[in-house]
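Contents: one structure, followed by commentary.
The values are calculated or read from the model by the stated rules, or taken from the named source; none is laboratory data. Because the structure is predicted, anything quoted here is derived from the model rather than measured. Note that we place each Cβ from the backbone using ideal geometry, even for glycine, and neighbour counts take in every protein chain shown. The protein model used for the area step is the full one, side chains on, heavy atoms only, and it has no ligands, DNA or RNA in it. Shrake-Rupley method; radii C 1.70, N 1.55, O 1.52, S 1.80 Å.
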Amino acid sequence: MTDSSPAPAPVPEADMTIDGTGLLCVALLLRLRAEIAQARPRTVVHLIATDPAAPVDLAAWCHTTGHHHLGCLLDGEDGSTYALRLSAGALPTRPDAPWHPARPGVDTPP
């Protein structure tokens, strides 16, 4: 029996790479949030992470904010590399709490 499902699309090369080695959940997302703050939409980000929860956290964070989670590129003993593409319409998050939407006039300029 042959597999007729289409091959997955190749993940584009990184426009920027962020090293989150050794960071856990919130600290990893805070680093990601800070690093992409000035990046343009459609920027492809590769994130290196050693946190075992990173696959779930990154997918959930992308779903919450509107960025595009492209998946895991490399899974190794020293960490994994994940890819995401930044979205123009992404929901801004609080600088101290990357899971929560920014509060207009408090976390973002009015």
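Results, tabulated for the structure shown:
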{"read-out": "Only one of D15, D75 that is modelled with pLDDT under 90 and either out of contact with any Lys or Arg (no Cβ under 7 Å at 6 or more places or on another chain) or crowded, with 17+ Cβ neighbours inside 10 Å (or both)", "value": "D75"}
{"read-out": "Meets criteria (hydrophobic (A, V, I, L, M, F, W, C), in contact with a Ser or Thr (Cβ under 9 Å, 6 or more places away or on another chain) and assigned to a helix (DSSP H, G or I)) for W61", "value": "yes"}
{"read-out": "Residue list for the range 18-34, filter: among the charged types (D, E, K, R) and either modelled with pLDDT under 95 or under 16 Å from H69 (Cα atoms) (or both)", "value": "R33"}
{"read-out": "Selected residue (criterion: least open to solvent (accessible area, probe 1.4 Å)) from residues of the range 55-69 that are out of contact with any strand residue (DSSP E or B) (no Cβ under 8 Å at 6 or more places or on another chain) and under 17 Å from G22 (Cα atoms)", "value": "D57"}
{"read-out": "Test: residue in the range 37-53 that is at pLDDT below 95, of a type outside the set (V, I, T) and closer than 20 Å to D107 by Cβ", "value": "yes"}
{"read-out": "Filter result for the condition that a residue is outside any helix (DSSP H, G or I), under 23 Å from P101 (Cα atoms), open to solvent by 50 Å² or more (accessible area, probe 1.4 Å) and not polar (S, T, N, Q), over P41, P52, P10", "value": "P41"}
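Conditions (1) in a loop (DSSP other than H, G, I, E, B); (2) closer than 20 Å to T21 by Cβ; (3) open to solvent by 70 Å² or more (accessible area, probe 1.4 Å), marked per residue:
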position	(1), (2), (3)
G71	no, yes, no
S80	no, yes, no
L84	no, yes, no
W99	no, no, yes
V106	yes, no, yes
